[in-house]
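Working notes, structure below.
The values are calculated or read from the model by the stated rules, or taken from the named source; none is laboratory data. Computed from a predicted structure; not experimentally measured. Heads up, the Cβs are rebuilt from the backbone with ideal geometry, glycines too, and the neighbour counts pull from every protein chain shown. The protein model used for the area step is the full one, side chains on, heavy atoms only, and it has no ligands, DNA or RNA in it. Shrake-Rupley method; radii C 1.70, N 1.55, O 1.52, S 1.80 Å.
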Amino acid sequence: MAILKSFIVVAGAITTSLAMAWALGASSNSPPFAPAVGANALSTMRAAFLLGLLAALGAITQGGNISKTVGEGLIAGVQLTPLAAIAGLLTAAGYIALGVRAGYPIPAAFATTASIVGAGLALGGEPAYGTYREIATFWAAVPVMSITIAYTTGHLLRRTSLSEQTTLPILGGIVGIIVANMPSALIPTPDTTQGTIASYVSNSLMMTGPTIIGEYNLVMASTSLILGLVAVGLLRRSLNRSIDRGVRLFLIALGSLVAFSSGGSQVGLATGPLEPLFESQLQLSGTILLSFGAIGILLGAWMGSPRILQAVARDYSSLGVLRSIAALIPAFIIAQTAIILGYPISFNNIILWSIIGSGLTEGTESISVRKTIYTVAIWLLTLLGAGGTGFILYRAFAFVL
């Protein structure tokens, strides 16, 4: 009887994790391609197909750091059990569903982090205050970074003294430099589980050159600059042939990178609570766990995102192509920063503030201050409510079982 009960709980935890990944693939990963759909650069079904593939690939290659944080860094003194994972994930999914019904997007990272903390405390764990301070600081910085980057980018794109043939290649070069430093499990490296293009070139050439910051050396910086210049050249060539076509291609390329990043930053919210189960009890690697999450995200994007893509695309179509680009630039930068640091982050949070930042280039009248205040208040209530609900739900499950 005890073995059967354990099997049911483990199966329930895996099923709940897959369901959470499906929901993330259907909803939280939709914004990257919404601007391209709204600008008629991509059809809805083609966008959903690409979204699923890119987000799943990002989940497998970039999701490890955040998954570890959610599964092992939020509670001290105990390991999360499958029952605690079920309680936390069900709580998070419930709050996200309530947000959808009420018309206010609930950041999945807020709901998941708080619910896992609540379930972990009910399990007998101790608060990991250091981790909480780091994550809270990063979350507090997200609005400032998103608004600043989006506003600056949008302002440059709207300046009459600078043509699109000048501004867009500069942005493309910045994106190329970031791509050279994106961590990926597909890139071999002797020191860490995830390498970068820049570090791979440096290790392959067995050259480092002078150190610039930390372990970042001159060869890595040169590689990043070269990749940035290549992006500038390709984008300028495309714009010279046709400005309209070049802008749309850049929008699709940027959306693809953001979709890839969304998979890497979101999958850990679904797989993190199962990290102790897979590593300690099932003796399976983290890559297998991320693959489960990637499958859930893939299916969610293919099955559930088309309707959400169309809905979000209507909002983006009112922004215009250039404002959409201004909103996606900070989303890409912040998501990659979160992946490197291993901090859970929500795309709903980033996108909201990025849209506000790009909208400020047209004046404050384009921003609904009242709805923004309500949304932030609901997010704060979600943190408190999800933590308490996760605590109570775990205690209820433990009592019944």
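For region 24-35, does any single residue satisfy the condition of being part of a helix (DSSP H, G or I), open to solvent by less than 10 Å² (accessible area, probe 1.4 Å) and of a type in the set (Phe, Trp, Tyr)? Yes, region 24-35 contains at least one residue that is part of a helix (DSSP H, G or I), open to solvent by less than 10 Å² (accessible area, probe 1.4 Å) and of a type in the set (Phe, Trp, Tyr).
Is it true that some residue in region 257-273 is small (Gly, Ala, Ser) and open to solvent by 10 Å² or more (accessible area, probe 1.4 Å)? If you could, list the steps in order and put the result at the bottom.
The first filter runs over region 257-273 and keeps only residues small (Gly, Ala, Ser), leaving 259, 261-265, 268, 270, 272.
Now drop any that are not open to solvent by 10 Å² or more (accessible area, probe 1.4 Å), which leaves none.
There is no residue in region 257-273 that is small (Gly, Ala, Ser) and open to solvent by 10 Å² or more (accessible area, probe 1.4 Å).
Mind listing just one residue for me: the one in region 375-401 that is at pLDDT 75 or above and among the hydroxyl-bearing types (Ser, Thr, Tyr) and, of those, least open to solvent (accessible area, probe 1.4 Å)? My answer is Thr382.
When Asn65 is tested against (1) under 17 Å from Leu290 (Cα atoms); (2) surrounded by fewer than 18 Cβ atoms within 10 Å (Cβ to Cβ); (3) not charged (D, E, K, R), just one condition goes unmet, and that condition is (2).
Contact map, region 119-146: first residue free of Cβ contacts under 8 Å to residues at least 40 places away in the same chain, second residue aromatic (Phe, Trp, Tyr) and assigned to a helix (DSSP H, G or I), Cβ cut-off under 9 Å, separation 6 or more or different chains; pairs are Val144/Trp353. Of all residues in region 319-349, those satisfying the criterion of being at pLDDT below 85 and under 10 Å from Val142 (Cβ atoms) are Ser346, Asn349. The set of residues from region 207-245 being open to solvent by 70 Å² or more (accessible area, probe 1.4 Å), of a type in the set (S, T, N, Q) and in a helix (DSSP H, G or I) comprises just one member, Asn240.
With assigned to a helix (DSSP H, G or I) and modelled with pLDDT of 90 or more as the only criterion, which of Leu254, Leu249, Leu277 stands out? If you could, list the steps in order and put the result at the bottom.
Numbers: Leu249 fails: modelled with pLDDT of 90 or more; Leu277 fails: modelled with pLDDT of 90 or more.
Checking each option against the conditions leaves just Leu254.
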